[in-house]
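Read the structure below first, then the notes.
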Amino acid sequence: MTNKITGVNGPITGWLDGHTYLIGLMAYPIRHSMSPTMHNNAFAKLGLNYTYLCFEIGNDKLKGAVDAIRTLDMRGSNVSMPNKKEVIQYLDKLSPASEMCDAVNTIVNDHGVLTGYTTDGIGFVQSLKDEGIDIKGKVMTLTGAGGAATPIAVQSALDGAKEIRIFNIKDDKWAQAEKNVKTIQEKTDCQVSLTELTDQEAFKQSIAESDIYCDATSVGMKPLEDKTLVSDPSWFHEDMVVFDTVYAPRTTKLMQVAQKAGVKHVFDGIGMMIDQGAASFKLWTGKDMPTDYIREIMF
Ligand code: SKM
(Lines give C-alpha, C1' and ligand atoms only; values in the text may rest on other atoms or scores of the structure.)
Protein backbone atom coordinates (compact mmCIF):
# COMPACT_ATOMS: atom_id res chain seq x y z
CA MET A 1 0.00 0.00 0.00
CA THR A 2 1.46 3.40 -0.94
CA ASN A 3 0.91 6.05 1.64
CA LYS A 4 -0.73 9.04 -0.07
CA ILE A 5 0.71 11.57 2.35
CA THR A 6 4.34 10.53 2.60
CA GLY A 7 4.67 8.77 -0.74
CA VAL A 8 6.32 5.78 0.93
CA ASN A 9 4.95 2.29 1.43
CA GLY A 10 3.22 1.58 4.69
CA PRO A 11 0.84 3.22 7.13
CA ILE A 12 1.07 6.62 8.75
CA THR A 13 0.43 7.24 12.40
CA GLY A 14 -2.67 5.30 13.40
CA TRP A 15 -4.51 7.88 15.50
CA LEU A 16 -4.30 11.25 17.13
CA ASP A 17 -6.48 11.98 20.13
CA GLY A 18 -6.58 13.89 23.37
CA HIS A 19 -3.78 11.76 24.82
CA THR A 20 -1.29 11.99 21.95
CA TYR A 21 2.28 12.86 23.01
CA LEU A 22 3.93 15.48 20.81
CA ILE A 23 7.58 15.33 19.78
CA GLY A 24 9.21 18.09 17.70
CA LEU A 25 12.20 18.70 15.48
CA MET A 26 13.55 22.23 15.88
CA ALA A 27 15.88 23.39 13.12
CA TYR A 28 16.17 25.70 10.13
CA PRO A 29 15.93 24.77 7.29
CA ILE A 30 14.21 21.46 8.10
CA ARG A 31 11.31 20.74 5.74
CA HIS A 32 13.54 18.27 3.83
CA SER A 33 13.98 16.05 6.92
CA MET A 34 13.25 12.31 6.84
CA SER A 35 12.74 12.22 10.61
CA PRO A 36 8.95 12.85 10.72
CA THR A 37 8.25 10.05 8.22
CA MET A 38 10.62 7.71 10.06
CA HIS A 39 9.31 8.35 13.58
CA ASN A 40 5.61 8.54 12.68
CA ASN A 41 5.77 5.24 10.80
CA ALA A 42 7.61 3.67 13.75
CA PHE A 43 4.97 4.96 16.20
CA ALA A 44 2.21 3.58 13.98
CA LYS A 45 3.90 0.21 13.58
CA LEU A 46 4.19 -0.18 17.37
CA GLY A 47 0.77 1.35 18.06
CA LEU A 48 2.27 4.16 20.15
CA ASN A 49 0.16 7.27 20.63
CA TYR A 50 2.87 9.78 19.72
CA THR A 51 3.29 12.18 16.81
CA TYR A 52 6.43 13.88 15.47
CA LEU A 53 6.35 17.29 13.75
CA CYS A 54 8.92 19.62 12.16
CA PHE A 55 9.16 23.21 13.41
CA GLU A 56 11.17 25.79 11.47
CA ILE A 57 13.15 27.26 14.35
CA GLY A 58 16.44 29.14 14.09
CA ASN A 59 18.51 30.52 16.97
CA ASP A 60 16.25 33.58 17.22
CA LYS A 61 13.11 31.61 18.14
CA LEU A 62 14.84 28.80 20.06
CA LYS A 63 14.26 29.99 23.63
CA GLY A 64 10.51 30.35 23.04
CA ALA A 65 10.38 26.95 21.34
CA VAL A 66 12.17 25.21 24.23
CA ASP A 67 9.89 26.95 26.76
CA ALA A 68 6.97 25.60 24.72
CA ILE A 69 8.17 22.03 25.34
CA ARG A 70 7.47 22.63 29.04
CA THR A 71 4.33 24.71 28.53
CA LEU A 72 2.69 22.24 26.13
CA ASP A 73 4.03 19.24 28.07
CA MET A 74 5.61 17.83 24.91
CA ARG A 75 7.53 14.57 25.43
CA GLY A 76 10.59 16.10 23.81
CA SER A 77 12.25 17.13 20.59
CA ASN A 78 15.07 16.56 18.19
CA VAL A 79 17.32 19.54 17.54
CA SER A 80 19.32 20.07 14.38
CA MET A 81 21.30 22.84 12.69
CA PRO A 82 21.79 25.63 13.71
CA ASN A 83 20.58 24.87 17.24
CA LYS A 84 22.62 21.92 18.54
CA LYS A 85 25.00 24.00 20.65
CA GLU A 86 22.78 27.03 21.20
CA VAL A 87 20.03 24.97 22.85
CA ILE A 88 22.22 23.89 25.81
CA GLN A 89 21.67 27.15 27.73
CA TYR A 90 17.89 26.55 27.84
CA LEU A 91 18.02 22.98 29.26
CA ASP A 92 18.13 21.74 32.86
CA LYS A 93 20.52 18.79 32.51
CA LEU A 94 22.92 17.25 29.98
CA SER A 95 24.01 13.65 29.37
CA PRO A 96 27.78 13.07 29.80
CA ALA A 97 28.25 12.60 26.02
CA SER A 98 26.36 15.83 25.31
CA GLU A 99 28.58 17.66 27.75
CA MET A 100 31.67 16.24 26.04
CA CYS A 101 30.38 17.18 22.58
CA ASP A 102 28.95 20.56 23.54
CA ALA A 103 25.93 19.52 21.49
CA VAL A 104 22.39 18.24 21.87
CA ASN A 105 20.20 16.61 19.23
CA THR A 106 17.57 15.13 21.56
CA ILE A 107 15.58 16.70 24.39
CA VAL A 108 13.58 14.59 26.83
CA ASN A 109 10.93 16.26 29.00
CA ASP A 110 10.38 14.49 32.33
CA HIS A 111 7.58 16.42 34.03
CA GLY A 112 9.08 19.82 33.18
CA VAL A 113 12.74 18.84 33.59
CA LEU A 114 14.49 19.01 30.20
CA THR A 115 17.54 16.80 29.64
CA GLY A 116 19.73 17.09 26.54
CA TYR A 117 21.30 14.05 24.87
CA THR A 118 23.34 13.51 21.73
CA THR A 119 22.50 10.39 19.72
CA ASP A 120 24.44 11.16 16.49
CA GLY A 121 27.60 9.40 17.70
CA ILE A 122 25.56 6.44 18.94
CA GLY A 123 24.00 6.30 15.47
CA PHE A 124 27.43 6.17 13.82
CA VAL A 125 28.79 3.41 16.06
CA GLN A 126 25.53 1.40 15.89
CA SER A 127 25.32 1.67 12.09
CA LEU A 128 28.81 0.11 11.88
CA LYS A 129 27.72 -2.59 14.34
CA ASP A 130 24.68 -3.31 12.12
CA GLU A 131 27.20 -4.15 9.38
CA GLY A 132 29.22 -6.39 11.70
CA ILE A 133 31.96 -3.83 12.42
CA ASP A 134 32.97 -2.99 15.99
CA ILE A 135 34.65 0.41 16.55
CA LYS A 136 36.59 -1.10 19.47
CA GLY A 137 40.33 -1.23 18.76
CA LYS A 138 40.01 0.49 15.38
CA VAL A 139 42.19 3.26 13.90
CA MET A 140 40.04 5.90 12.23
CA THR A 141 40.88 8.88 10.04
CA LEU A 142 38.11 11.47 10.39
CA THR A 143 37.59 14.64 8.36
CA GLY A 144 35.53 17.40 9.94
CA ALA A 145 34.94 18.96 13.34
CA GLY A 146 31.35 20.15 13.12
CA GLY A 147 27.94 18.90 14.21
CA ALA A 148 28.39 15.38 12.79
CA ALA A 149 32.16 14.92 13.27
CA THR A 150 32.26 15.91 16.96
CA PRO A 151 29.80 13.26 18.26
CA ILE A 152 31.35 10.67 15.92
CA ALA A 153 34.80 11.33 17.41
CA VAL A 154 33.61 11.44 21.01
CA GLN A 155 31.35 8.36 20.87
CA SER A 156 33.95 6.33 18.96
CA ALA A 157 36.53 7.18 21.62
CA LEU A 158 34.08 6.35 24.43
CA ASP A 159 33.31 3.02 22.76
CA GLY A 160 36.96 1.97 22.58
CA ALA A 161 38.41 3.19 19.27
CA LYS A 162 42.20 2.79 19.52
CA GLU A 163 43.14 5.94 17.63
CA ILE A 164 41.37 8.81 15.90
CA ARG A 165 43.26 11.05 13.50
CA ILE A 166 41.28 14.21 12.81
CA PHE A 167 41.97 16.27 9.69
CA ASN A 168 40.37 19.68 9.13
CA ILE A 169 41.01 22.96 7.38
CA LYS A 170 41.73 26.00 9.55
CA ASP A 171 38.16 27.28 9.36
CA ASP A 172 35.71 28.35 12.08
CA LYS A 173 35.54 24.72 13.28
CA TRP A 174 39.28 24.47 14.07
CA ALA A 175 38.79 25.60 17.69
CA GLN A 176 36.10 22.90 18.11
CA ALA A 177 38.52 20.34 16.64
CA GLU A 178 41.16 21.35 19.23
CA LYS A 179 38.55 21.08 21.97
CA ASN A 180 37.51 17.61 20.75
CA VAL A 181 41.13 16.45 20.96
CA LYS A 182 41.47 17.78 24.51
CA THR A 183 38.18 16.23 25.65
CA ILE A 184 39.02 12.82 24.19
CA GLN A 185 42.52 12.92 25.72
CA GLU A 186 41.13 13.82 29.15
CA LYS A 187 38.16 11.46 29.27
CA THR A 188 39.15 8.35 27.30
CA ASP A 189 42.10 6.05 26.55
CA CYS A 190 41.86 6.73 22.82
CA GLN A 191 44.88 8.28 21.10
CA VAL A 192 43.85 11.36 19.15
CA SER A 193 45.58 13.87 16.88
CA LEU A 194 44.65 16.90 14.79
CA THR A 195 46.35 17.78 11.50
CA GLU A 196 45.65 20.41 8.88
CA LEU A 197 44.00 18.93 5.83
CA THR A 198 46.41 20.89 3.64
CA ASP A 199 49.08 18.36 4.69
CA GLN A 200 48.00 15.92 1.96
CA GLU A 201 50.95 13.56 2.50
CA ALA A 202 49.99 13.08 6.15
CA PHE A 203 46.34 12.64 5.14
CA LYS A 204 47.19 9.99 2.55
CA GLN A 205 49.45 8.11 4.96
CA SER A 206 46.87 8.26 7.73
CA ILE A 207 44.18 6.72 5.49
CA ALA A 208 46.62 3.99 4.41
CA GLU A 209 47.20 3.10 8.08
CA SER A 210 43.51 3.27 9.08
CA ASP A 211 40.76 0.67 9.45
CA ILE A 212 38.12 3.34 8.85
CA TYR A 213 37.99 6.57 6.89
CA CYS A 214 34.97 8.68 7.80
CA ASP A 215 34.13 11.93 6.06
CA ALA A 216 31.86 13.94 8.35
CA THR A 217 32.06 17.21 6.39
CA SER A 218 29.37 18.43 3.99
CA VAL A 219 31.61 17.79 0.97
CA GLY A 220 29.66 15.49 -1.34
CA MET A 221 26.30 17.00 -0.41
CA LYS A 222 24.54 19.71 -2.45
CA PRO A 223 25.92 22.15 -3.61
CA LEU A 224 29.24 20.24 -3.29
CA GLU A 225 27.92 16.96 -4.79
CA ASP A 226 30.72 16.86 -7.41
CA LYS A 227 33.44 17.14 -4.77
CA THR A 228 35.34 14.63 -2.64
CA LEU A 229 38.26 15.02 -0.23
CA VAL A 230 39.86 11.85 -1.65
CA SER A 231 39.82 11.50 -5.43
CA ASP A 232 42.60 8.94 -5.93
CA PRO A 233 41.36 5.33 -5.43
CA SER A 234 44.93 4.19 -4.66
CA TRP A 235 44.70 5.97 -1.27
CA PHE A 236 42.26 3.31 -0.09
CA HIS A 237 42.81 -0.37 0.66
CA GLU A 238 40.25 -3.11 0.13
CA ASP A 239 39.84 -4.20 3.73
CA MET A 240 38.99 -0.81 5.15
CA VAL A 241 35.67 0.92 5.80
CA VAL A 242 34.87 4.12 3.91
CA PHE A 243 31.97 5.96 5.54
CA ASP A 244 30.35 9.12 4.19
CA THR A 245 27.90 10.78 6.60
CA VAL A 246 26.11 12.37 3.64
CA TYR A 247 22.96 10.49 2.51
CA ALA A 248 21.73 12.64 -0.39
CA PRO A 249 22.92 11.78 -2.99
CA ARG A 250 22.85 8.10 -1.95
CA THR A 251 26.17 7.41 -3.71
CA THR A 252 28.52 10.33 -3.15
CA LYS A 253 31.66 11.07 -5.15
CA LEU A 254 33.76 9.73 -2.26
CA MET A 255 31.80 6.47 -2.27
CA GLN A 256 32.35 6.13 -6.03
CA VAL A 257 36.13 6.52 -5.53
CA ALA A 258 36.09 3.92 -2.74
CA GLN A 259 34.04 1.50 -4.88
CA LYS A 260 36.54 1.96 -7.71
CA ALA A 261 39.31 1.03 -5.27
CA GLY A 262 37.47 -2.21 -4.46
CA VAL A 263 36.80 -1.20 -0.85
CA LYS A 264 34.55 -3.88 0.66
CA HIS A 265 32.67 -1.75 3.17
CA VAL A 266 31.41 1.52 1.70
CA PHE A 267 28.57 3.20 3.62
CA ASP A 268 26.45 6.30 3.23
CA GLY A 269 24.82 8.22 6.10
CA ILE A 270 21.41 6.49 6.00
CA GLY A 271 22.32 3.89 8.63
CA MET A 272 23.59 6.60 10.97
CA MET A 273 20.42 8.65 10.37
CA ILE A 274 18.18 5.69 11.25
CA ASP A 275 20.22 4.62 14.27
CA GLN A 276 20.47 8.13 15.78
CA GLY A 277 16.68 8.29 15.38
CA ALA A 278 16.28 4.89 17.01
CA ALA A 279 18.33 6.02 20.02
CA SER A 280 16.17 9.15 20.39
CA PHE A 281 13.01 7.05 19.95
CA LYS A 282 14.11 4.81 22.84
CA LEU A 283 14.74 7.82 25.07
CA TRP A 284 11.23 9.19 24.45
CA THR A 285 9.19 5.97 24.38
CA GLY A 286 11.33 3.34 26.13
CA LYS A 287 10.79 1.11 23.05
CA ASP A 288 13.07 -0.13 20.28
CA MET A 289 12.37 1.45 16.92
CA PRO A 290 11.50 -1.24 14.32
CA THR A 291 14.52 -0.26 12.20
CA ASP A 292 14.26 -3.14 9.72
CA TYR A 293 10.69 -2.11 8.93
CA ILE A 294 11.73 1.56 8.56
CA ARG A 295 14.54 0.58 6.19
CA GLU A 296 12.13 -1.55 4.18
CA ILE A 297 9.45 1.14 3.72
CA MET A 298 11.64 4.24 3.40
CA PHE A 299 14.99 3.41 1.85
O1 SKM B 1 20.85 14.74 14.75
C2 SKM B 1 19.95 14.55 13.68
C3 SKM B 1 18.57 14.97 14.08
O4 SKM B 1 18.14 14.19 15.17
C5 SKM B 1 17.58 14.79 12.93
C6 SKM B 1 18.11 15.24 11.64
C7 SKM B 1 17.16 15.41 10.54
O8 SKM B 1 16.01 15.04 10.67
O9 SKM B 1 17.56 15.94 9.48
C10 SKM B 1 19.45 15.42 11.41
C11 SKM B 1 20.47 15.30 12.46
O12 SKM B 1 20.90 16.59 12.87
The residue from Ala202, Ala175, Ala216, Ala248 that alone is out of contact with any Lys or Arg (no Cβ under 9 Å at 6 or more places or on another chain) and either crowded, with 17+ Cβ neighbours inside 10 Å or closer than 26 Å to Lys264 by Cα (or both) is Ala216
His111 passes all but one of the listed conditions (1) open to solvent by less than 70 Å² (accessible area, probe 1.4 Å); (2) over 17 Å from the mean Cα position of the chain (by Cα); the exception is number (1)
Checked region 82-101 for anything open to solvent by 40 Å² or more (accessible area, probe 1.4 Å) and outside any helix (DSSP H, G or I); matches are Pro82, Lys85, Asp92, Lys93, Leu94
query: Is there a residue being closer than 30 Å to Leu158 by Cα, more than 12 Å from the ligand (Cβ to nearest atom), open to solvent by less than 30 Å² (accessible area, probe 1.4 Å) and not in a helix (DSSP H, G or I) anywhere in region 121-137?
result: yes
Do we find a residue being hydrophobic (A, V, I, L, M, F, W, C), buried (at least 20 other Cβ atoms within 10 Å of the Cβ), near the ligand (Cβ under 10 Å from one of its atoms) and assigned to a helix (DSSP H, G or I) anywhere in region 31-45? yes
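Going by the conditions given, is Asp92 acidic (Asp, Glu), more than 14 Å from the ligand (Cβ to nearest atom) and touching a residue at least 60 places away in the same chain (Cβ under 8 Å)? Write out each step before concluding.
On the way: acidic (Asp, Glu): yes; more than 14 Å from the ligand (Cβ to nearest atom): yes; touching a residue at least 60 places away in the same chain (Cβ under 8 Å): no.
So Asp92 does not fit the description; no.
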All conditions in (1) open to solvent by less than 10 Å² (accessible area, probe 1.4 Å); (2) in contact (Cβ under 8 Å) with a residue 40 or more places away in the chain are true of Ala161 except (2)
Reported set for region 288-299 where residues are loosely packed, with under 14 Cβ neighbours inside 10 Å and either touching a Ser or Thr at 6+ places or on another chain (Cβ under 9 Å) or within 12 Å of Phe43 (Cα to Cα) (or both) is Asp288
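Scanning region 274-286 for residues that are of a type outside the set (Gly, Ala, Ser) and over 13 Å from Ile23 (Cβ atoms), which turns out nearest to the ligand (Cβ to nearest atom)?
Going through the qualifying residues, I end up with Gln276.
The values are calculated or read from the model by the stated rules, or taken from the named source; none is laboratory data. What you see is a predicted model, and the numbers here were worked out from it, not measured in a lab. Note: ideal-geometry Cβ built from the backbone for every residue, glycine included; neighbour counts use all protein chains shown. The accessibility values were calculated without ligands, DNA or RNA, using every heavy atom of the protein model including side chains. Shrake-Rupley method; radii C 1.70, N 1.55, O 1.52, S 1.80 Å.
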